[in-house]
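Remarks on the structure that follows.
The values are calculated or read from the model by the stated rules, or taken from the named source; none is laboratory data. Please read these numbers as outputs of a predicted model, since none were measured by experiment. Using ideal geometry, Cβ is built from the backbone for each residue, glycine included, and neighbour counts are taken over all protein chains shown.
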Amino acid sequence: MSLRRYAKGIYSHIKDCYLLSASCHTRLSQYEESIKMLGIVLKCEPCSIKALYLRACAYTEMAGPPGEDQDSESLLLALRDFQTAHVIKPHDQLIFSKLMLIQNNIEKCMPKPLKQ
């Protein structure tokens, strides 16, 4: 086995550990830690669909339940990650449905323009 192939195998295992750990942090409501770990994965592999999806889900959870009290900044960050994932994998129905849901939530929590 060549050294290059060995290094790729090690990287793959490390990346999987980061993704699994980030998923666990999200389930434990430790969103900031999850986002930090996924950011590390995305620095090395910017087109990682799994990392983009998991980070968008963490941002969505961090925003709070749907309604007017949601954190719009977290929703916008989730939207960015879902949009990026959708560009990379446009036919993925799960990504598309989450993207539409986030867009609807953003529309609901944004202030309405004043009528004149």
Scan segment 1-35 residue by residue and report those that are closer than 13 Å to residue 50 by Cα and among the aromatic types (Phe, Trp, Tyr). 18
Please determine whether any residue of segment 34-55 is over 22 Å from residue 92 (Cβ atoms) and buried (at least 16 other Cβ atoms within 10 Å of the Cβ). yes
Of (1) on the phi > 0 side of the Ramachandran plot; (2) crowded, with 19+ Cβ neighbours inside 10 Å, residue 64 satisfies all except one. Which? (2)
I'd like to know if segment 22-33 contains one or more residues that are among the β-branched types (Val, Ile, Thr), surrounded by fewer than 20 Cβ atoms within 10 Å (Cβ to Cβ) and in a helix (DSSP H, G or I). no
Which residues, counting only those in segment 9-34, are hydrophobic (A, V, I, L, M, F, W, C) and within 17 Å of residue 45 (Cβ to Cβ)? 10, 14, 17, 19, 20, 22
Selection count where residues are over 14 Å from the mean Cα position of the chain (by Cα) and either surrounded by 15 or more Cβ atoms within 10 Å (Cβ to Cβ) or in contact (Cβ under 8 Å) with a residue 40 or more places away in the chain (or both), scope segment 90-100: 1
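With the structure loaded, tell me whether residue 81 is of a type in the set (Asp, Glu), at pLDDT 95 or above, within 24 Å of residue 19 (Cβ to Cβ) and in contact with a helix residue (DSSP H, G or I) (Cβ under 7 Å, 6 or more places away or on another chain) or whether it fails that test. Explain how you work it out, then say what you get.
Numbers: of a type in the set (Asp, Glu): yes; at pLDDT 95 or above: yes; within 24 Å of residue 19 (Cβ to Cβ): yes; in contact with a helix residue (DSSP H, G or I) (Cβ under 7 Å, 6 or more places away or on another chain): yes.
In short, yes.
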For segment 38-68, give me each residue that is over 21 Å from residue 20 (Cβ atoms), touching a residue at least 24 places away in the same chain (Cβ under 8 Å) and in a loop (DSSP other than H, G, I, E, B). 66, 67, 68
Give the residues of segment 32-85 that are polar (S, T, N, Q), under 21 Å from residue 15 (Cβ atoms) and within 10 Å of the chain's Cα centre (by Cα), sorted by residue number. 34, 84
